[in-house]
Each structure stands twice: as structure tokens, then as C-alpha cells.
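Scroll down for the structure; my scribbles are underneath it.
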Amino acid sequence: MNEVAAPTRAPTEPGAEPCAERRAADPAQEVARLREAVLEKLCYSVGKDRNTASDRDWFIAVALATRDRIVNDWMLSVRAAYQENRRRVYYLSLEFLIGRLLIDSLTNLGLVEPMRAALAGLDIDLDKLRQVEPDAALGNGGLGRLAACFMESMATLSIAAHGYGIRYDNGLFRQTVTDGWQHEYPEDWLDFGNPWEFPRPEVNYNIGFGGVVESTPRDPGSAARIWRPGETVVAVAYDIPIVGWRGAQEHNFVNTLRLWSARAPDPLRLDAFNAGDYVGALADQVHAESISKILYPADSTPAGQELRLKQEYFFASASLQDLIRRHLTQNGDINTLHEKAAIQLNDTHPAIAVAELMRLLVDIHLIDWERAWEITQATFSYTNHTLLPEALETWPAALMERLLPRHMQIIYLINAKHLDHLRAEGMDDPGKLSALSLIDEHGGRNVRMGHLAFLGSHKVNGVSALHSELVKETVFRELHEIFPDRIVNKTNGITFRRWLFEANPHLTKLLGETIGRDFYDNPEALRALEPLATDLDFQARFAAARLANKTALAGLIADRMLIKVDPNAIFDVQIKRIHEYKRQLLNILQTIAQYNEIRAYPMRDCVPRVKIFAGKAAASYYMAKLIIKLANDVARVINNDPTVRDLLKVVFLPNYNVSMAEAIIPAADLSEQISTAGMEASGTGNMKMALNGALTIGTLDGANVEIKERVGDDNIFIFGLTAEEVAARRARGIDARETIAHSPMLREVLESIQDGAFSPDDRHRYAPLVDMLTYHDYFLVTADFDAYVSTQMNVARRWRDRKSWWRSAILNTARTGWFSSDRAIAEYAEDIWNVPVRAP
Ligand code: 26V
């Protein structure tokens, strides 16, 4: 690991003096100061009096008082990065799934207990305020949450990093479930303001669209052109400071998440232009601002819509203009950009940045093409997060030509030079050349954004060992042959601050009392638990901590769903976006099979289980919505059947989000990670639940493979086809009739669904689903069904042997330290960004 010296804190240029030091040495004084600060915020920033303030007012006051503490370190960090002139990391992501920040910030500042005490003195309950904060849901799922974990780890490791994204007015839709069907409603996280952000109206950039490209007459040999956009939108910055673990200590960095909001260039001038036509003037404004209105809520099929491409270019261009301005202010010479900036592309969503940087270098800074390409490749790196063919972004060339005419010229030139080079090297296979081209010629001309990101980067990474190998063998097979050193693996990680310390204080306390606090800073220190895995006294305490979490979740389920669940039952949890490849359906079919067993053999001793599901379906994803309906129909039937005698309960919790994950994960006994092998790039929920002591039931997919290697085969339940077997089975054809014929249990389950056992009001409701499983079971639910059912029986057997179960659970916690996002980020820093890190 490259180490870095502590930033000097001499009060020199640039920027203002850091605010006065507010930390108090004495704890009582700290509490008093916090209380004073909160009251001051309540009065002077919120404008409320103690007696009339609502919980929300108090929350804002507390958040603002907390933010003040962060700002102190923030300014020092900005200055330190400047003084040391370090290489900065820029994390470009269309999604940051942050969740709530109050407890996270207080934890990292070491101020949870002082703040709790400060508020208690005012008769205010911190835990109540915690619930008032809306989730910042600026992401769809794993990719966005990873970006948020990475921002926190980069601050923790003192990497001078900036996140760049979009400040969506509306984050991921709010899900309701009525009568079992999902409905989507706009999400309104900004309705009462965002106390964490700083608007920066003075930081703004023009972003062009459309128009024409003119040749520069000055130098006929140059590649430079003049682009005259037909439309301009302004990107305005909003900054959120991101504080890392032990943010209050000397050496930590507070980094910046800079989110762009779209504005019309000059509303006043617009008014003048449209004199008298207010509606018309407003329409222009609405049109411009629509770019940052809403997060695209599909995480599979790219919508292919103009507005999405505009979002991608809008934020890529604003971010590049901003970081180039910073670079030039400090270094003066654009030629050294790659030495001072490392830009990570989070999936292909920001890939247009490759063409934009080329444009800025060649057209604006008049760098010659070859040099510009060297700088570009040395600056960018790209992370691939999915192999799903339908999720690989391509854009119709015609759309790009209309919206980004200059970028399209640049893309064509990158492609021509790339293909010329290959031909010069002797490549003449037209099939290969067409697979290597940036332009996909099948079915109209489309730009392959993955290829653009690959060519424009010096490193490309997958997000788990298996996934990275599959990236080499599938999407980028031909490119990998030509650039064999470019693809590397960086297995994902999660921030332990949020996913262990904050989400599971009971367990964290127990661990601290048992093995000391080394694991606070060094997750591998959790290994010290291993010898305790068979210690019955420790097992009892471990089980008690978990029971407290399960009791809390049971309370939440009772409140929200009016369903009573027994905290002593197995909590069997599948929480993630609803997707056919994630196979919630497999879980539901097994649930029905167990239901059938309970009814058929009422005398059999059966382990009580609560099946917990949560997750959102893309609004347009018909099959996913039908799966939600089935889960709810099955829940209704099972939960209301007296013969089940509470041996099985099924719960679908609506509106899954980061905060709900924080409540469910510490209470999960069994973590369902049952995707069709080869399809889940990594998964991160799998890491979160294993760390908190759940056992995984899963396929050899994504990071499950590495979890298995670390926790050991005895402490995980693996079943099903491997990625290779999946490929072979698909190659043979996937008519499932034979499979179904050979599995009486599966047949019975499918027949009961087909017969309307769960949809008496509409017997044919699930016909499409049963047909899909029977005739084109692409996700191989039927092929894995028997193996899954028998593995679930093993789970039940293990659960009965409590000593053995708790031993495995403890070993899961002990052996998953490696999945910390600090480890992941340290690997990026060393192998991809070439920036120093400091151990937390
Ligand atoms: C695609 C699209 C298409 C256009 C509309 C919006 C949108 C949003 C997201 C995506 C890509 C989704 C890819 C993704 O989320 N991958 C997940 O990344 C996680 C972090 O690496 C990983 O753990 C999951 O396995 C992987 O599915």
C-alpha cells in the first residue's frame, strides 16, 4: 500500500481560514457545546422556538450543527489536497444511493453519544430524529450503493476524491403495494430542503446540445473543430461533504460529492425573448431543468431515450469542465492532467466523458489528437457492473449525431484509428473487426458505450473474481485478446461503518467487549472471533444480540404489515431489486413447496420460518411486477391458513430502501443469494448479511464464490448449476418440460399456481409465468429447483443444531472482514489510480 504523510495544516493559501476549532477536550463540555449549537441552529437557521419545533425542525437543527463540525475538517482537507498537489480521484457515477446521513456523520465524527446526551437534556430523542430524515435515494440498487460506500471509504483512507453525479429532484420512486400490485409514486426527498448540501450557484458550466460543427480554417492539418451547439443548459453545483471514519481525528479527509442541477441559461433573458409569452418562456425553462428532474428507475433495459443521453452528457461534461478548471488553476498546464487526475467511470453511464475529454483537449485546448488520446487513456478507468446483454448501453448513432454532433465525429475518428491499427497489425477477419468496432452495425448503427469506455481507459475492472473472468470471456472477449492486461478484478466491498457499526449496534458492542476494538479500524481483526465460535457462552451472547435485532424487525413488520412473526423463527431474507435473474421466483416456489409439505404432513416436525422479501421492480418490467404480486398472493394465502400454525409466514415489505436494509440485515438468519450462476456481477447484500452473522444460501455466482472461499464450505449453503453448466444447459436448449416431469414437488407447485390456488379471483393470472417456466426458462429456475429445495432442508436441519448454527454464524462475521470497501478502495488506489492511501 502506498502510504501518505499527514497533510500539513499550515494556514496558507488557498481558501479562507478554517473556522474556529470547536472540539472540546472534556466530554461534558462537548455535550454542552453540542446542545448550544443545536439550539442556535434551531433558532437562527430553522427559525423555530423550542416549544413549537417539530421533529423535523429538530432534525434540521441537529443536522446543521453536525455539518458545522464536518465543515471544519472539510476546509482543512481541501487545503491539504491543494498544498500537496496530490493526484485526485474523480468518481463519476449517475447514481449515489446514500440513504440517511445523520447517524452516519455522527458515527464518523465520534459524536453519536455526545449528541444523544445533548438532545436528551432537551427532552429530544436522537433515535426519533433519525427516522425523520428522508433517504437520499439517488440510485437504483447495487451500483449506486457501491458508489456511496466508496465515497465513504475514500474519505476514510484520506484519498483526495470528488464524487460527481446528478442532483435529481426526485430519486428512486416510492413503491406502494396495493392488493399485491406494485405502484410507483414520485419520491420527494428535497421537499423540506437538504441540510447536508451547499448550493454553489457560482460554480456553473454551460452544456451544449445539437447544433453544427464547423471546420477550423486556421490549421487545416489539425483535428480541432468548432462546435456551435443549438441549445445550452447550465449545470449548477451542489456540494455534500463526505466524512470518513474517525473524521474528527487529525488526519482525515472530508471529501466532496458534487451533484449537478440543470437550469435554463438565463430565465430573465428567456422572458425577454418570449415577451408576453410567459407560458412559452416557462416551457423552455422546464425543458432545460427536466435533465436533472428524475433518476431513471430501470436498472436493466436502457430506456434508449433522449433525456437519458442528455443526463449522461450533461453530468459528464460539467464534471470534466470542473476538474479541468481545478487542474489548470493549480497546475496551469493541461498536458499534465493525467498525472493529477484519475477518473473512474462507474459503468458506461458516464462513458461519453471519453469523447468529451477528447473534445475539450483537441478543440478547446488545441492539443494534437495523438497526445490527447494518450492523456485520455491515462486518465480514465472503467468499472463494468453487468453482463446482462440488455443492460449494455448502446446509443443509436443517428440520435447521437443529432444531440452531440461533434462527439459523434470524435467517436468515428477514435474508431477509424482503432480499426486501422488492427488492420495494420494484420487483423483481417471481418467478424472480429466488427466485434471490435465501436459501432454495432447489426440492426441499425449503434454506438457501443462499453467499447468506448474500454478503449478510452487504461484499466477496466469487473466487480468479483468470477465476474471479471466472465467479462474477459464474454462482453469484451475480442478486446481482451488485443489488450490482455487491461481487464483486472476489484471485488466489491461495503462500508462497515454503516453496515455493521450503525446498523447493528448490539453486535458491534458485543464484538468490542469480546475482542477489543481493533476491528473498528482493521476489519481483518474480526478473525479474533474464530476461537470463540464454539464457546457456548459467547454463542449465547451472539444469539441474544441477534434476537434483539429480530425482535425489532418483528415490531416493524407488525407495525407496517399487521403481521405477527416470531423472532425465534428463521428469518429467511431476500432483499434486492426484483429481477428474473435474481430468482425471487425460485424462493417463492420453494415457499409454496414448504406450504404444501406442512399441509400434507401436519405431524412432521418443521422448523418455523419467516420468509422476508423486499425490493422494487422497474415500472415497465411486467414479469417482475407479476412476481411481486405472486409473493403477495402467496403471503396472503399462507399467513391466513390456520393449518400452517405459524410454522411459515411470508412478508413482502413495501418500499425497500437503504434505511429498510439497515433494519433487515442485522436480523437476517439466512441470506438468499440465488441468482442464475454467471448473472449477478457481485452482489453486496450478500456481504452485508454474512458480516452480520447470517448464513448464505446461494449459487456459485458473483462474490458468493469469494464468500464461500473465506467463510469455508461448512458455513455456507451452496447449490445449483455453475456458470459453466448454465451456459452448457442454455446451449442445449431450455425446454423445462422434462425437468418438471421429473420433479413431483415442482409439478405440484406449478399446478397449484396454474389452478389458481393463490389467485382465486383470477385463475389465469399466473399463466404467463407458468408458461415461461415451462417453455423458456432462461433463468433456469426449474433446473435448480430440486437442488434448492434439498439445500433448504439442510438449512432447517442445521438450524435445529443450534450450536452448529451459531458456530457458522460467528465464523461468517469473523471471516468476512475482507469485504470492507476500505480494502476494495485500497486496491483501486494501488492498481488503478496510483494514489497513496492511509490506513484508517
Ligand atoms: C443500467 C441502467 C440502464 C439504463 C437505465 C438506468 C440503469 C441503471 C443501472 C444499470 C446497470 C445496473 C448494473 C448494476 O446495478 N449492477 C450491479 O452492480 C453491483 C455493484 O457492482 C453488483 O453488486 C451487482 O451484482 C450488479 O447487478
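Observations
- Every condition in (1) surrounded by 20 or more Cβ atoms within 10 Å (Cβ to Cβ); (2) over 23 Å from the mean Cα position of the chain (by Cα); (3) over 20 Å from GLN321 (Cα atoms) holds for PHE253 except the one numbered (2).
- The listed residue being in a strand (DSSP E or B), touching a Ser or Thr at 6+ places or on another chain (Cβ under 9 Å), more than 13 Å from LYS611 (Cβ to Cβ) and within 16 Å of the ligand (Cβ to nearest atom), out of THR676, THR696: THR696
- Taking (1) within 14 Å of the ligand (Cβ to nearest atom); (2) at pLDDT below 95; (3) of a type outside the set (Ser, Thr, Tyr) in turn, GLY165 satisfies each apart from (2).
- In the range 281-299, the qualifying residues are those that are within 14 Å of GLU231 (Cα to Cα) and among the β-branched types (Val, Ile, Thr), and the one that is farthest from the ligand (Cβ to nearest atom) is VAL286.
- Qualifying residue in the range 811-825 (condition: modelled with pLDDT of 95 or more, surrounded by 21 or more Cβ atoms within 10 Å (Cβ to Cβ), farther than 22 Å from GLY685 by Cα and not hydrophobic (A, V, I, L, M, F, W, C)): no
- Contact annotation: residue pairs with Cβ atoms under 7 Å, 6 or more positions apart or on different chains, pairing a residue in the range 702-717 that is under 12 Å from PHE819 (Cα atoms) and in contact (Cβ under 8 Å) with a residue 40 or more places away in the chain with a partner that is within 16 Å of the ligand (Cβ to nearest atom) and among the aromatic types (Phe, Trp, Tyr), are ARG710/TRP818.
- The number of residues in the range 388-434 that are in a loop (DSSP other than H, G, I, E, B), within 16 Å of the ligand (Cβ to nearest atom) and crowded, with 20+ Cβ neighbours inside 10 Å comes to 1.
- Among residues of the range 334-352 that are β-branched (Val, Ile, Thr), those with a beta-carbon under 7 Å from a residue that is within 12 Å of the ligand (Cβ to nearest atom) at least six positions away or on a different chain give the pairs THR348/GLU393; THR348/MET449; THR348/GLY450; ILE352/GLU312.
- Qualifying positions in the range 477-502 - more than 16 Å from the ligand (Cβ to nearest atom) and either more than 30 Å from ILE103 (Cα to Cα) or among the acidic types (Asp, Glu) (or both): ARG477, GLU478, LEU479, HIS480, GLU481, ILE482, PHE483, PRO484, ASP485, ARG486, GLU502
- Scan the range 171-197 for residues that are over 23 Å from the mean Cα position of the chain (by Cα), crowded, with 16+ Cβ neighbours inside 10 Å and either assigned to a strand (DSSP E or B) or aromatic (Phe, Trp, Tyr) (or both) and the total you get is 1.
- Output for the range 462-476, where each listed residue is farther than 17 Å from GLU393 by Cα and either outside any helix (DSSP H, G or I) or more than 22 Å from the chain's Cα centre (by Cα) (or both): VAL463, SER464, LYS472, GLU473
- Exactly one residue among ALA635, ALA619 is within 13 Å of the ligand (Cβ to nearest atom) and of a type in the set (A, V, I, L, M, F, W, C), and that residue is ALA619.
- Qualifying residue in the range 311-319 (condition: surrounded by fewer than 18 Cβ atoms within 10 Å (Cβ to Cβ) and more than 10 Å from the ligand (Cβ to nearest atom)): no
- Scanning the range 320-362 for residues that are among the small types (Gly, Ala, Ser) and either within 16 Å of the ligand (Cβ to nearest atom) or surrounded by 23 or more Cβ atoms within 10 Å (Cβ to Cβ) (or both) yields ALA341, ALA342, ALA351, ALA353, ALA355.
- If the condition is being among the acidic types (Asp, Glu) and in contact with a strand residue (DSSP E or B) (Cβ under 9 Å, 6 or more places away or on another chain), then the range 399-450 contributes only ASP440.
- Residue among MET660, MET689 that alone is aliphatic (A, V, I, L, M) and within 14 Å of the ligand (Cβ to nearest atom): MET689
- Scanning the range 332-377 for residues being closer than 19 Å to TYR164 by Cβ and touching a strand residue (DSSP E or B) at 6+ places or on another chain (Cβ under 7 Å) gives a total of 12.
- For the range 373-387, the tally of residues that are in contact (Cβ under 8 Å) with a residue 40 or more places away in the chain and away from the ligand (no atom under 16 Å from the Cβ) stands at 7.
- Residues of the range 223-242 that are more than 21 Å from LEU138 (Cα to Cα) and of a type in the set (Asp, Glu): GLU231 alone.
- Residue match in the range 760-769 (condition: in contact (Cβ under 8 Å) with a residue 60 or more places away in the chain and part of a helix (DSSP H, G or I)): yes
- 2 or more residues closer than 17 Å to ILE414 by Cβ: qualifying helices (runs of 4 or more DSSP H) within the range 273-367: 306-331, 352-359
- Members of the range 491-523 that are closer than 21 Å to MET151 by Cβ and part of a helix (DSSP H, G or I): PHE496, ARG497, ARG498, TRP499, LEU500, PHE501, GLU502, TYR520, ASP521, PRO523
- Test: ALA137 is surrounded by 24 or more Cβ atoms within 10 Å (Cβ to Cβ) and over 24 Å from ALA351 (Cα atoms): no
- So SER54, is it among the polar types (S, T, N, Q), out of contact with any Leu (no Cβ under 7 Å at 6 or more places or on another chain) and without any contact (Cβ under 8 Å) to a residue 60 or more places away in the chain: yes
- The residues of the range 633-667 that are of a type in the set (Lys, Arg) and within 16 Å of LEU562 (Cα to Cα), listed by number, are ARG636, LYS649.
- Against the conditions (1) at pLDDT 95 or above; (2) buried (at least 19 other Cβ atoms within 10 Å of the Cβ), MET745 satisfies every one except (2).
- Scanning the range 600-618 for residues that are under 23 Å from MET561 (Cβ atoms) and either at pLDDT below 95 or not in a loop (DSSP other than H, G, I, E, B) (or both) gives CYS606, ARG609, VAL610, LYS611, ILE612, PHE613, ALA614.
- Out of HIS451, HIS467, one residue alone is away from the ligand (no atom under 13 Å from the Cβ) and not polar (S, T, N, Q). It is HIS451.
- Residue within the range 514-535 that is touching a strand residue (DSSP E or B) at 6+ places or on another chain (Cβ under 8 Å) and within 23 Å of GLU662 (Cα to Cα) present: yes
- Selection count where residues are part of a loop (DSSP other than H, G, I, E, B) and within 11 Å of the ligand (Cβ to nearest atom), scope the range 122-156: 3
The values are calculated or read from the model by the stated rules, or taken from the named source; none is laboratory data. Bear in mind that the values here come from a model prediction, so they are computed numbers and not experimental data. No Cβ is skipped: glycine too gets one built from the backbone with ideal geometry, and neighbour counts run over all protein chains shown.
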